[in-house]
Amino acid sequence: MTVNTRAATQASRSPWQIGIPLVWLLLLWLAVTGMAQLEGFFRLFEPDVRSVIYSRVDFSLLLGRHLFVVAIAALVTITLGLASGIAVTRKKGRDFLPLVSQLASMGQTFPPVAVLALAVPVLGFGTLPIIVALMLYGLLPIVRNTLTGLQEVDVGIKEAARAMGMTSGQILRQVELPMAAPVIMAGIRTSVTINIATAALGATVGASNLGDPIIAGIVNGNTAYVVQGALLIGLLALSVDSTFEQVQRRLKADESPRNK
Amino acid sequence: MIELSHVTKRFGDEMAVDDVSFKVAKGEFCALVGTSGCGKSTTLRMINRLLEHSEGEILLDGQPIRDFDAVQLRRRIGYVIQSTGLFPHWTVARNIGLVPRLLKWPSTKVHSRVEQLMHLLGLPVGEFAHKFPHQLSGGQAQRVGVARALAADPDILLMDEPFGALDPITREKLQEELRALQSRLHKTIVFVTHDIDEALQLANHLVVMRAGRVVQQGTPLELLHHPADKFVESMLGGVERGLKQAGLTRVADHMLPLSPTLPAQSRVPSSMSLRQALSVMLRDHTERLTVVDPHDMPVGELSMRKLIREPKADQGHDREH
């Protein structure tokens, strides 16, 4: 968040910068479709085992499921995080501000593994427990950044908005949210990126995703599987993260735009 | 017209504004003056209901302001603050057009109104319309702030130390422009300031406040001639009161016919304030000045000796009345 806004503005216009997410996406696609071509490379890790390329489930299917879990969790956390962040910065909800920020912090101090262990008896094996764990884990960055972003809006600006005769809804939509957008977006970026990595834990409770090759590799002592899973998760995280970075730059550029 | 009668404002146990009453007639320029924390800003913010008053009554054209919907009321009242409060993510033009858009004016009308105001405030449209607030100087930003406040052509303008953060030269320039603007637009203005000179220069009604109460109110000359107590006297500059008084009268009011003797070397325009003329006398080491008209033609003279012998102008020439 310390990036100089003017530099960011210029950067967002250079095609080189915009190309970064595309490069990561291309690498991800190549890895998903062409993992088998790298058999020779993975043979180096495990010269003795029969199979060095994870093939129980197609990589593209694993990627799809992984994205699905992260997307559902993100949708819920963004909605919940924004709503609660907005609610407790309003006059009526101000009393709940400390409570909400504490709850969100607790969500993150609670290790996702522990959430999984506790959620499985209640929700059963499968995708649901990992979504719950991701929601709890991803909520804090969004809530915290929504709060920070909204609280950072200058008091004088909010007062002027009120004095001009804007309703509180107009102030929120036209002044507070646009001004807080870059900070909120940074929170969403952190949350989603962390969850892409954390979602792999779902494989331990039967949610099939890119964590599968890693868990299978650990169980069978096959390092090549582990590397494949990690590689795909890493590339996915980089693709999503750099896409968010571009969005964030665009937001900042909108906020403090160019000279004529 | 704005009328406050016996208005108080309490924050918990603290009495921020205590039994304040004053009237601002239509087209009048009223200044609330006092040291910081005297309740002048609080008083101002009660007029557009940014704060609700605890007791007493505030009337707008004879109607209690609580009869109005607060949001609608604020759209009828212009508001200018020291920090400008411009929206940083909006262009100058969009900032100025805010209230007309809130009032759902058609966009062509908003557009032409914005351009009209930019002309009025000396902001070339081509240069400034698409700039953002962070690209403006303090003075330019405050002009935009004033333009925004005037956008929907409100009858009333509330100004909370609008020029307080500007450098002295810019401040003086904007004060001068505000005065010129007011002589054309005849808004009803309530202006909060801690700068007594600013208040004396701009306002025709002064309300001096201290610790939440009104200490004295009246025209600038009334206050200068009869300060109610030591506080008002020191507020008005103590021993320098004489000079401040001179600052409010024009050379033309004290000018004598040209004497047949040799005219004095130093010349001053008749529109100059007496204070500035006195300064010229001190600078040029002379006790006589030649007064000239705008075409530099001598029209009279000013003599220090005669000035001092003038009768004490108790019912002095009040500039505005």
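Since every read-out is calculated from the coordinates, none of them should be taken as a lab result. Here the structure is a predicted model, which is why all the values come from computation and not from measurement. Note that we place each Cβ from the backbone using ideal geometry, even for glycine, and neighbour counts take in every protein chain shown.
Near B:P269, within a Cβ-to-Cβ distance under 11 Å, what is the net charge of the other residues, with Lys and Arg +1 and Asp and Glu -1?
On the way: positive: B:R250, B:R267; negative: B:D293, B:D296.
Computed value for this residue: 0.
Using a ≥ b ≥ c from the Cα gyration tensor of chain B (square roots of the eigenvalues), is it rounded, prolate or oblate, where a/c under 1.5 gives rounded and otherwise the larger of a/b and b/c decides, a/b for prolate?
oblate
Kindly write out, for segment B:139-154 in residue order, the coupling ³J(HN,Hα) from the Karplus curve 6.51 cos²θ - 1.76 cosθ + 1.60 (θ = phi - 60°), rounded to whole Hz, with x marking Gly and Pro.
x, 5, 4, 5, 4, 4, x, 5, 4, 4, 5, 8, 4, 8, 6, x
Label segment A:195-236 by shape, choosing from rounded, prolate and oblate, from the square roots a ≥ b ≥ c of the eigenvalues of the Cα gyration tensor; if a/c is under 1.5 it is rounded, and otherwise prolate applies when a/b is larger than b/c, oblate when it is not.
Oblate, since a/c reaches 1.5 and b/c is not below a/b.
Can you give me the pair-distance distribution of chain A, C-alpha pairs, 5 Å bins, whole percents?
Calculated over all Cα pairs of chain A, the distribution is 1, 6, 11, 14, 14, 14, 12, 10, 7, 5, 3, 2, 1, 0, 0, 0 percent.
Could you work out which residue, out of B:P227, B:P100, B:P260, moves most in a Gaussian network model of chain B, that is, has the largest mean-square fluctuation with Cα springs under 10 Å?
B:P260
Can you give the net charge of the other residues whose Cβ lies under 13 Å from the Cβ of B:H6, counting K and R as +1 and D and E as -1?
-2
Quote the relative contact order of chain A in percent (integer), defining contacts as alpha-carbon pairs under 8 Å separated by 6+ residues.
For chain A, the relative contact order is 31 percent.
Check B:V215: other-chain or 5+ apart residues with amide H under 5 Å from its amide H, H built from backbone geometry?
B:V208, B:M209, B:R210
Shielding of A:152-158 by partners, i.e. mean partner chain Cβ atoms within 10 Å per residue?
Per residue, the average neighbour count from other chains is 3.
Let me know the mean shielding of B:44-51 by other chains, meaning the per-residue number of their Cβ atoms within 10 Å of its Cβ.
Taking the mean over all residues of the peptide, I get 1.
If you take each beta carbon of peptide B:120-132 and count the beta carbons of other chains within 10 angstrom, what is the mean?
Average per residue, whole number: 1.
Please state, to two decimals, what the Cα-based radius of gyration of segment B:175-321 comes to when divided by 2.2 N^0.38 Å (N = residues).
Here the answer is 1.16, to two decimals.
Rounded to two decimals, what is Rg over Rh for segment A:127-176 when you use alpha-carbon atoms and the Kirkwood radius? Can you show the working numbers first?
On the way: Rg = 16.3 Å, Rh = 12.9 Å.
Ratio value, two decimals: 1.26.
Taking the alpha-carbon centroid of each part, what is the distance from segment A:128-176 to segment B:177-222 in angstrom?
Between the Cα centres of segment A:128-176 and segment B:177-222 lies a distance of 40 Å.
Defining a contact as two alpha carbons under 8 Å apart and six or more residues distant in sequence, what relative contact order in percent does chain B show? Present the calculation step by step, with values, prior to reporting the outcome.
Values: 556 pairs, mean separation 60.4, N = 321.
Once normalised by length, the contact order is 19 percent.
Go ahead and run the numbers for FRET between A:L118 and A:A83, Cβ-Cβ distance against an R0 of 22 Å, rounding to 0.05. Walk me through the numbers before you get to the answer.
Working: r = 25 Å, r/R0 = 1.14.
So the FRET efficiency works out to roughly 0.30.
Can you pull the semi-axes for the protein assembly as shown, root of five times each eigenvalue of the Cα gyration tensor, sorted largest first, whole Å?
70, 27, 18
Listing B:E55, B:E310 from the residue with the fewest other Cβ atoms within 10 Å to the one with the most, what is the order?
Going from sparsest to densest Cβ surroundings: B:E310, B:E55.
Note down the net charge around B:V20, summing +1 for each Lys or Arg and -1 for each Asp or Glu among other residues with Cβ under 12 Å from its Cβ.
Around B:V20, the charge tally is 0.
For segment B:135-250, rounded, prolate or oblate, judged on the Cα gyration tensor with a ≥ b ≥ c (square roots of eigenvalues), a/c < 1.5 rounded, else prolate if a/b > b/c?
Prolate shape, in that a/c is at least 1.5 and a/b is the bigger ratio.
Within segment B:57-81, whose backbone N sits under 18 Å from a point 7 Å along Cα→Cβ of B:S5?
B:57-68
Tell me which residues come under 5 Å, amide H to amide H, from B:E301 once H is placed; ignore anything under 5 positions away on its chain.
B:L256, B:L258, B:V291
What is the fewest-to-most order of A:K252, B:K131 by other Cβ atoms lying within 10 Å of their Cβ?
Placing the least packed residue first, the sequence is B:K131, A:K252.
Which residue fluctuates most in the GNM of chain A (Cα springs below 10 Å): A:L38, A:L238, A:L67?
Its mean-square fluctuation being the largest, the pick is A:L38.
Can you run the Rg to Rh ratio on segment B:78-158? Use alpha carbon positions and the Kirkwood inverse-distance Rh.
Rg/Rh for segment B:78-158 comes to 0.92.
Using Cα centres only, tell me the gap between segment B:125-151 and segment A:202-256 in whole Å.
47 Å
Can you return the lysines within cross-link range of B:K23? Criterion is Cα-Cα under 23 Å, with same-chain partners fewer than 8 residues away left out.
B:K9, B:K40, B:K187
Taking the beta-carbon count within 10 Å as an exposure proxy, list A:L61, A:L128 from fewest neighbours to most.
Result, fewest neighbours first: A:L61, A:L128.
Mind jotting down a quarter of the surface of the convex hull over the alpha carbons of segment B:249-308, in square nanometres, one decimal? Walk me through the intermediate numbers first.
On the way: hull surface 14.6 nm².
About 3.7 nm², averaged over all directions.
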